[in-house]
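Worksheet: one structure, shown below.
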Amino acid sequence: MSDQADPATEAFVAHRNLLFTVAYEILGSAADAEDVLQETWLRWVKVDLDQVRDQRAYLIRITTRQSLNRLRTLQRRREAYVGPWLPEPLLTAPDAAEDVELAESVSMAMMLVLETLSPTERAVFVLREAFDVSYGEIAAAVDKSPAAVRQIAHRARAHVDARRPRKVVSWSEGKAVLEAFQRAVEASDLQGLLDVLAPDVVAVSDGGGLKLNALQPIVGVEKVIRMFVGSMQKIGGTLTTEPTVINGSPALLFSFDGELDGVVALRIEDNRVTGIYYVRNPEKLSRLECETSLTLH
């Protein structure tokens, strides 16, 4: 790397975790977020830094544009995906869980809500709500007028508010519910599951055509319990579970006969599990071995 490129390198490295978080929240895929960062870097090193007033804003702009381009391609792929699609889970550091805003914005529940937005709505919502980017900067990133961006942000916020969990769950509450769920699953305790699962709980499993999974979300506590028990029997082997922190929230690693099978994240409301997200697709489990650093700043 030449001396001339050093300032560009330093700026990119300083903002790398932020840019990854932006791309991941827009795409729901760590692998694609990494590709977007590579594309962002290739464009950034060609920029005349003397003409850049705000390096953070400029880098976010490039990242957003590249993310939108990739998201439109990904949406076509996801239409052909076998069964339900879930975001790629990330093993996150404890400080991610301590940052309430970050933990909420990257939670599996929120990431699934973001999937219901159009690409532009998703980018606008993420930039405004999670990263507090100005309407003017967002407009430059998505090629819309500031007035149009305000309307998109308002529409996206209303859409998300109608579907997101009603309140943020504290770390201690989430951990307690997860432990109750863990005990019930490991002991095949049907009453324990009935106690911890909400009557209208929804279970979504993602095998990507590579592992067994329900091809549609399962709704209702009795159906979910039957699905869980049936799946455990079909998979076979001795189940062990291990608490972990996924996307800033308590989660469980499921293993059978010592081999990792997948990760289970929960949506929790009023001390009950209202959503179970079981990622089994082996292509989505590569980010569970080392922590991913996320940041909103």
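The values are calculated or read from the model by the stated rules, or taken from the named source; none is laboratory data. Model, not experiment: these values are computed from the prediction. Neighbour counts are summed over all protein chains in view; Cβ atoms, including those assigned to glycine, are modelled from backbone coordinates with ideal geometry. Surface accessibility is based on the protein's heavy atoms, side chains included, excluding ligands, DNA and RNA. Shrake-Rupley method; radii C 1.70, N 1.55, O 1.52, S 1.80 Å.
Numerical summary
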item: Enumerated helices (runs of 4 or more DSSP H) restricted to the range 45-145, each holding at least 3 residues that are over 13 Å from residue 21 (Cβ atoms); result: 55-79, 94-98, 108-114, 119-125, 135-142
item: Test: residue 214 is open to solvent by less than 70 Å² (accessible area, probe 1.4 Å), touching a strand residue (DSSP E or B) at 6+ places or on another chain (Cβ under 6 Å) and either at pLDDT 95 or above or assigned to a strand (DSSP E or B) (or both); result: no
item: Residues satisfying the stated conditions in the range 254-297, i.e. under 20 Å from residue 110 (Cα atoms) and among the hydrophobic types (A, V, I, L, M, F, W, C); result: 263, 264, 265, 266, 268, 273, 276, 279, 285, 288, 294, 296
item: Where residue 185 falls short, out of the listed (1) open to solvent by 60 Å² or more (accessible area, probe 1.4 Å); (2) modelled with pLDDT under 95; result: (1)
item: The lone exception for residue 219 - which of (1) of a type in the set (A, V, I, L, M, F, W, C); (2) over 15 Å from residue 180 (Cβ atoms); (3) surrounded by 13 or more Cβ atoms within 10 Å (Cβ to Cβ) it fails; result: (3)
item: Residue within the range 264-275 that is in contact with a helix residue (DSSP H, G or I) (Cβ under 8 Å, 6 or more places away or on another chain), open to solvent by 50 Å² or more (accessible area, probe 1.4 Å) and either of a type in the set (A, V, I, L, M) or in a strand (DSSP E or B) (or both) present; result: yes
item: Tally of residues being modelled with pLDDT of 95 or more and either surrounded by fewer than 18 Cβ atoms within 10 Å (Cβ to Cβ) or of a type in the set (Val, Ile, Thr) (or both) across the range 80-89; result: 0
item: Considering residues of the range 145-164 that are in contact (Cβ under 8 Å) with a residue 12 or more places away in the chain and open to solvent by 30 Å² or more (accessible area, probe 1.4 Å) only, the residue nearest to the chain's Cα centre (by Cα); result: 164
item: Search result, residues across the range 88-103 that are closer than 19 Å to residue 243 by Cα and under 12 Å from the mean Cα position of the chain (by Cα); result: 88, 89, 90, 91, 92, 103
item: Those residues of the range 32-42 which are touching a residue at least 12 places away in the same chain (Cβ under 8 Å) and open to solvent by 10 Å² or more (accessible area, probe 1.4 Å), in sequence order; result: 32, 34, 35, 39, 41
item: Yes/no for residue 23 being surrounded by 18 or more Cβ atoms within 10 Å (Cβ to Cβ), free of Cβ contacts under 8 Å to residues at least 40 places away in the same chain and small (Gly, Ala, Ser); result: no
item: Set 240, 292, 274, 244: member being touching a residue at least 12 places away in the same chain (Cβ under 8 Å) and either in contact with a Phe, Trp or Tyr (Cβ under 7 Å, 6 or more places away or on another chain) or more than 20 Å from residue 181 (Cα to Cα) (or both); result: 292
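For every residue, the table says whether it meets (1) in contact with a Gly (Cβ under 7 Å, 6 or more places away or on another chain); (2) under 30 Å from residue 252 (Cβ atoms); (3) open to solvent by 20 Å² or more (accessible area, probe 1.4 Å); (4) not charged (D, E, K, R).
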site: 30; (1), (2), (3), (4): no, yes, no, yes
site: 63; (1), (2), (3), (4): no, no, no, yes
site: 78; (1), (2), (3), (4): no, yes, yes, no
site: 91; (1), (2), (3), (4): no, yes, yes, yes
site: 98; (1), (2), (3), (4): no, yes, yes, no
